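A.B. asks: First the structure, then my questions, so here it is.
The values are calculated or read from the model by the stated rules, or taken from the named source; none is laboratory data. Keep in mind it's a predicted model, so treat the numbers as computed, not measured. Note: ideal-geometry Cβ built from the backbone for every residue, glycine included; neighbour counts use all protein chains shown.
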Amino acid sequence: MSQPKSLLVTAANYSLDSADLDALAQRLGLELVRVEGTDIASAFAADLPREGALIAGTGDYNFDAELAAALGVPVALIADQQVAELASRRILELNATPAGVAAPDALDAFTPDTAGAEAQPAMSPVVFESWLLHQAKANRRHIVLPEGEDDRILQAAHKLLERGIVELTILGDEADIRRRAEEQGLDLSEARIINHLESELLEEFAADFAELRKKKGISLDDARETMKDISYFATMMVHKGIADGMVSGAAHTTAHTIKPSFQIIKTAPGASVVSSIFLMVMPGRLWAFGDCAVNPNPTAEQLGEIAAVSAKTASQFGIDPKVAILSYSTGTSGSGPDVDRAVAAVEAAKQADANLVVDGPLQFDAACDPGVGKKKAPNSPVAGQANVFIFPDLEAGNAGYKIAQRTGGALAVGPVLQGLNKPVNDLSRGATVADIVNTVAITAIQAAAQADAQGAK
């Protein structure tokens, strides 16, 4: 017989320390465990049991409800009648599942509604990041980080290696990297550190690059100079299969990161354009926004291709894609060249992938809001339930994801580059250590998906 689902208990205007939780746990046949950590991420990372436990929360029902939603366990609330309704409503707003309210003086008779509380983990930044790292670890890949001179890279490498998420090569002066790591208390003993300027691979890479670019008039001497650039050297490592993917951009521009990929790795078969998505993580939602980082003014055909490849990328991260081609018009409510382009983009997307669930033109509200979608596009297979949003141009896409990030509290993970033969991803120069960790995990997942796809051919 399986163990009963865990239950988290919290309180409103009442101290949990005053409650006899040991007795409650015994009566319910659950093991009493207590929440550790001062923030949601650390509490979630403590691996609280999803089954067989009565989880004693902090007593802050806002914090506890958010944690319960992330864990996917129901919430029992200890509160008097005056605050119970308000607190219960707030628990629901935080995507947690209520399992009943107990009056403080009647806890000994309280029986939570765990049978009716079918709680599931609700999407949130901590849930997504945990899933991301789990998936990357399950498909452990080798990622090269060419910016060993940046302490953020070393700190992220420490976290990744500590948890066994990936194998890593770091480019830079080994003595300097080891010294800085030691000063910061970082363990990089499992990392391969290469001074690319002294590497025995330099001549081999130069010869390969000269061959790849001979039609462009690149000599062997030119290639030797080019390979002294860390981005070119790292990209060649990916091209040669020494590493499965590359992450760069913490200290270099996007152009410096991506340009070598165009020249060495090149686009995937059937791809005419390299594009990107941002994975937008919000309470209860995981969306993809594209293209928000690469293509300023895509044609209808390029928009269609971006839509199809964005759906494929999104599916690698747990999204069942329903793609909306965005516009200022829904259906025929507006007219003009931009609307016509959206219509043509839908057709191009269907040609790229006949099984793709896609529609447009759709206004953003019609794409994401079920009520609006039903009114404006009642026959659409996407309206009201879209989760992959294709913006008409870079200006709109960049503004859109930053609005969601800065005013809607969304976690924007990316940009995730797509359309290349092998995965290369760009960091913002303002990237945090967490951003770097997430991007490395994304790159590892992409590498595993590409390997699986090639193996299936």
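A.B. asks: Within segment 38-68, count every residue that is in a loop (DSSP other than H, G, I, E, B) and touching a helix residue (DSSP H, G or I) at 6+ places or on another chain (Cβ under 8 Å).
C.D. replies: The number of residues fulfilling the criteria is 5.
A.B. asks: Sticking with this one: If you scan segment 387-433, which residues turn out to be touching a helix residue (DSSP H, G or I) at 6+ places or on another chain (Cβ under 8 Å) and more than 24 Å from S315 (Cβ to Cβ)?
C.D. replies: S428, A431, T432, V433
A.B. asks: Could you say whether any residue in segment 440-455 is of a type in the set (D, E, K, R) and touching a helix residue (DSSP H, G or I) at 6+ places or on another chain (Cβ under 9 Å)?
C.D. replies: Within segment 440-455 (the criterion being of a type in the set (D, E, K, R) and touching a helix residue (DSSP H, G or I) at 6+ places or on another chain (Cβ under 9 Å)), the answer is no, since none of the residues qualifies.
A.B. asks: Restricting to segment 241-266, count the residues that are out of contact with any strand residue (DSSP E or B) (no Cβ under 6 Å at 6 or more places or on another chain) and assigned to a strand (DSSP E or B).
C.D. replies: Summing the residues that are out of contact with any strand residue (DSSP E or B) (no Cβ under 6 Å at 6 or more places or on another chain) and assigned to a strand (DSSP E or B) in segment 241-266 gives 1.
A.B. asks: From the set of residues in segment 259-278 that are buried (at least 24 other Cβ atoms within 10 Å of the Cβ) and out of contact with any Leu (no Cβ under 7 Å at 6 or more places or on another chain), which is farthest from A410 (Cα to Cα)?
C.D. replies: Of everything passing the filter in segment 259-278, P260 is farthest from A410 (Cα to Cα).
A.B. asks: I would also like to ask the following. Just checking, how many residues over segment 287-310 are under 19 Å from G408 (Cβ atoms) and surrounded by fewer than 21 Cβ atoms within 10 Å (Cβ to Cβ)?
C.D. replies: 0
A.B. asks: Return yes or no: is A399 part of a helix (DSSP H, G or I) and either aromatic (F, W, Y) or crowded, with 16+ Cβ neighbours inside 10 Å (or both)?
C.D. replies: On the way: part of a helix (DSSP H, G or I): yes; either aromatic (F, W, Y) or crowded, with 16+ Cβ neighbours inside 10 Å (or both): no.
So A399 does not fit the description; no.
A.B. asks: Might you check whether a residue that is assigned by TED's automatic domain parsing to the domain that holds D105, crowded, with 18+ Cβ neighbours inside 10 Å and under 27 Å from the mean Cα position of the chain (by Cα) occurs anywhere in segment 12-34?
C.D. replies: Checked against the condition, which is being assigned by TED's automatic domain parsing to the domain that holds D105, crowded, with 18+ Cβ neighbours inside 10 Å and under 27 Å from the mean Cα position of the chain (by Cα), segment 12-34 yields no hits at all.
A.B. asks: Could you list, in sequence order, the residues of segment 407-429 that are over 17 Å from the mean Cα position of the chain (by Cα) and not polar (S, T, N, Q)?
C.D. replies: G419, L420, K422, R429
A.B. asks: State all residues of segment 69-97 that are in a helix (DSSP H, G or I), in contact (Cβ under 8 Å) with a residue 40 or more places away in the chain, more than 13 Å from P283 (Cβ to Cβ) and of a type in the set (G, A, S); if no residue qualifies, say none.
C.D. replies: Hits for segment 69-97 are A84, A87.
A.B. asks: Name the single residue, out of those in segment 298-335 being of a type in the set (D, E) and touching a helix residue (DSSP H, G or I) at 6+ places or on another chain (Cβ under 6 Å), that is nearest to V382 (Cα to Cα).
C.D. replies: Looking only at segment 298-335, we keep the residues that are of a type in the set (D, E), and these are 301, 305, 320.
Filter again for touching a helix residue (DSSP H, G or I) at 6+ places or on another chain (Cβ under 6 Å), leaving 301, 305.
On the way: E301: 20, E305: 18 Å.
By that ranking, first place goes to E305.
Here is a yes/no grid of residues against (1) surrounded by 14 or more Cβ atoms within 10 Å (Cβ to Cβ); (2) modelled with pLDDT under 95:
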site	(1), (2)
S327	yes, no
G331	yes, yes
G334	yes, yes
A345	yes, no
D359	yes, no
K376	yes, no
P381	no, no
V388	yes, no
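A.B. asks: If I filter segment 403-412 for residues that are within 20 Å of A352 (Cα to Cα), among the charged types (D, E, K, R) and surrounded by fewer than 16 Cβ atoms within 10 Å (Cβ to Cβ), do I get at least one hit?
C.D. replies: Looking through segment 403-412, none of the residues is within 20 Å of A352 (Cα to Cα), among the charged types (D, E, K, R) and surrounded by fewer than 16 Cβ atoms within 10 Å (Cβ to Cβ).
A.B. asks: Can you name the residue in segment 60-83 that is crowded, with 20+ Cβ neighbours inside 10 Å and over 28 Å from the mean Cα position of the chain (by Cα) and, of all such residues, is farthest from P121 (Cα to Cα)?
C.D. replies: For segment 60-83, the residue satisfying everything is A79.
A.B. asks: I want to confirm something. Restricting to segment 415-457 and keeping residues that are among the charged types (D, E, K, R) and touching a residue at least 60 places away in the same chain (Cβ under 8 Å), which single residue is surrounded by the most Cβ atoms within 10 Å (Cβ to Cβ)?
C.D. replies: Restricting to residues being among the charged types (D, E, K, R) and touching a residue at least 60 places away in the same chain (Cβ under 8 Å), the top hit is D426.
A.B. asks: Ok, one more. Taking segment 145-179 on its own, how many of its residues are surrounded by fewer than 19 Cβ atoms within 10 Å (Cβ to Cβ), part of a loop (DSSP other than H, G, I, E, B) and of a type in the set (A, V, I, L, M)?
C.D. replies: Residues that pass the stated criteria total 0.
A.B. asks: Another one. Residues that are closer than 13 Å to V9 by Cβ, in the same structural domain as A12 (by TED's automatic domain parsing) and among the basic types (K, R): does segment 43-64 have at least one?
C.D. replies: no
A.B. asks: Only helices (runs of 4 or more DSSP H) wholly contained in segment 192-240 count here; list those with 1 or more residues that are touching a residue at least 40 places away in the same chain (Cβ under 8 Å).
C.D. replies: Answer list for segment 192-240: 201-212, 230-239.
A.B. asks: So for segment 122-139 (the condition being in a helix (DSSP H, G or I), in the same structural domain as D426 (by TED's automatic domain parsing) and among the basic types (K, R)), does at least one residue qualify?
C.D. replies: Yes: segment 122-139 contains one or more residues that are in a helix (DSSP H, G or I), in the same structural domain as D426 (by TED's automatic domain parsing) and among the basic types (K, R).
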